[in-house]
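Notes follow once the structure below has been shown.
What follows is calculated from the coordinates using simple rules that are stated; it is not laboratory data. Just so we're clear, the structure is a prediction, and the values are computed from it rather than from any experiment.
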Amino acid sequence: MPSRDGLLVVISGPAGSGKSTLVEHLIEKIPGNSRRAVTATTRSPRPGEKDGIDYFFLTRDEFRRMIDDGELLEYTEFNGNFYGVPRHSLERELAKGGVVLLVIEVDGAESVKFFFPNAIFIFIIPPTPKELRRRLESRGTESQKDIEKRLAIARREMERIGEYDYLIINDDIETATQDLAAVIRAVDRTLILGDEMENWDLGLFANWNTRQIL
Ligand code: 5GP
């Protein structure tokens, strides 16, 4: 059994910020105990996406049943589809210890902050608005109308970066991965110190709490 629950890292960023690729890269490249918490959606799978790995792909009825049964920690409607965090699967991942990455949009992140005030909140941004558009267009999976809609949503999401603890600029994937890893490692190491504080002279830490490392 891990000595403490995993560190919850909430990642948001507009479509085209490259947040999913960045998180995949982080898990692959950075050795250690880190994994993504899988969330649920009513959106159809994009080519290559797998049920239970990228999302739990649900029908609207199945999603509604999860809401009714109180199985979702939070849920939201985003661009015409429902997305939500299954409570039990997140708790199960956290109980394994290590680092648990939860990639969700800004309203969801706000709700998660209420339940997990000690989680770290990280916002990923592309280097320029022009690059954001280019990335969305080069995906080729969305119509022009959908791209314009996503760009408008992106603007609204960026207005809320002040709610996050860290901002990572995803211009170059390698650099951004290192930045993200460095932030997570620094916080994780300091939390270990927090766990061990009883071995220290507590007076030294009288005016300190884990939130202050942020
Ligand atoms: P996409 O359709 O591009 O995979 O996701 C659309 C947005 O929904 C992204 O910002 C993604 O991070 C977010 N998202 C994915 N799962 C959840 C969830 O469980 N809750 C919330 N609030 N947002 C989610």
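Beyond 30 Å in Cα-Cα separation lie the following of the pairs 96/149; 113/145; 29/149; 29/145; 113/149: 96/149; 113/145; 29/149; 29/145.
Of the DSSP beta bridges with both residues in the chain, give the percent that are antiparallel, rounding to the nearest 5.
30
Taken along its principal axes, the alpha carbon cloud of the chain reaches lengths of 61, 42, 30 Å, longest axis first. For the chain, the longest principal axis of the C-alpha atoms and the axis of helix 106-115 are separated by about 30°.
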